[in-house]
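Here the structure comes first, spelled out in structure tokens, and everything after it is commentary.
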Amino acid sequence: MDRRPLIGVSTYLVGASWSSWRDRRVALVPERYTAFVRDAGGIAVLLPPDLPERAPEVLARLDALVIAGGPDIDPAYYGEDPHPATEVDSPERDRWEVALLRAALAAGMPLLGICRGMQVLNVVCGGTLVQHLPDVVEVDVHTGSPGTYGTHLVRPVPGTLLGGLMPESEVEVPTYHHQAVGRVGEGLRVSAHAPDGTVEAVEGPGFTLGVQWHPEQGDDLRVMQALVRAATAVTVG
């Protein structure tokens, strides 16, 4: 049997309670991420925040990288002050994911950014973010109710990596975000929009892809299957 590729998945760093324990600092990720990797044919390896200088050593043992969703990245990374609605609560995670993405881009490693992960990718490439979408869209369809994902349509751009994976003119996706890409980072191009013009996907050289929605919350495996194929090609090569 061929070796299944190891897909690193970044984690949250938050307070959590379970059993007899209360308000403990933990590194975790929603189970849907690991199931998403498994169902697409990969093996998920969780990457809790570590020293940024260790990122290249960690990635050298993996075949692909996923930067998961979560709270907002500190806007200081793109030269702005926080909006009142911006939620910044994990500087260790910010530093770690920035280091992971820089190392992955330098190594040409297949990578996928999901929601926050796409935003961090854009920032690492020198782009900016819209810090609060309700300030700039007439009707906000991008966030569901608290604790519940919403859905809306995205329009893949023909001729892009994502457009090849999703050739439909419109795809309905699970969504929960209040920020989005502003200025697109260097070396990236937009590969999907929402009907209101919000950037919903960006991509770069090789298999470098960010999606603003949460594919792990749905049944469409195409994005993760493509990452697994790219990781497998690198492993075999």
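The values are calculated or read from the model by the stated rules, or taken from the named source; none is laboratory data. Remember, it's a predicted structure, so these values are computed and weren't measured experimentally. Every residue, glycine as well, gets a Cβ built from its backbone with ideal geometry; the counts of neighbours run over all protein chains shown. Ligands, DNA and RNA are excluded from the accessible area calculation, which covers all protein heavy atoms including side chains. Shrake-Rupley method; radii C 1.70, N 1.55, O 1.52, S 1.80 Å.
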Restricting region 194-203 to residues that are part of a loop (DSSP other than H, G, I, E, B) and not β-branched (Val, Ile, Thr), the residue that is farthest from Leu162 (Cα to Cα): Asp196
Given the residues Gly206, Gly185, Gly163, which is the only one that is at pLDDT 95 or above, of a type in the set (Gly, Ala, Ser) and closer than 16 Å to Cys115 by Cα? Gly185
Output the residues belonging to region 45-77 that are in contact with a Leu (Cβ under 8 Å, 6 or more places away or on another chain), within 20 Å of Ala233 (Cα to Cα) and small (Gly, Ala, Ser). Ala64
Total residues in region 204-221, condition closer than 23 Å to Asp39 by Cα and part of a strand (DSSP E or B): 4
Any residue that is under 19 Å from Pro71 (Cα atoms), surrounded by fewer than 21 Cβ atoms within 10 Å (Cβ to Cβ) and acidic (Asp, Glu) - is there at least one of those in region 157-170? no
So Val88 fits all but one of (1) part of a loop (DSSP other than H, G, I, E, B); (2) surrounded by 15 or more Cβ atoms within 10 Å (Cβ to Cβ); (3) of a type in the set (A, V, I, L, M); what number is the exception? (2)
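For (1) closer than 29 Å to Ala76 by Cβ; (2) touching a strand residue (DSSP E or B) at 6+ places or on another chain (Cβ under 9 Å); (3) not in a loop (DSSP other than H, G, I, E, B), each residue gets a yes or a no:
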site	(1), (2), (3)
His142	yes, yes, no
Thr151	no, yes, yes
Ser169	no, yes, no
Gly185	yes, yes, no
Considering Val45, Val66, Val58, which residue is part of a strand (DSSP E or B), open to solvent by less than 80 Å² (accessible area, probe 1.4 Å), modelled with pLDDT of 95 or more and over 18 Å from Pro215 (Cβ atoms)? Val45
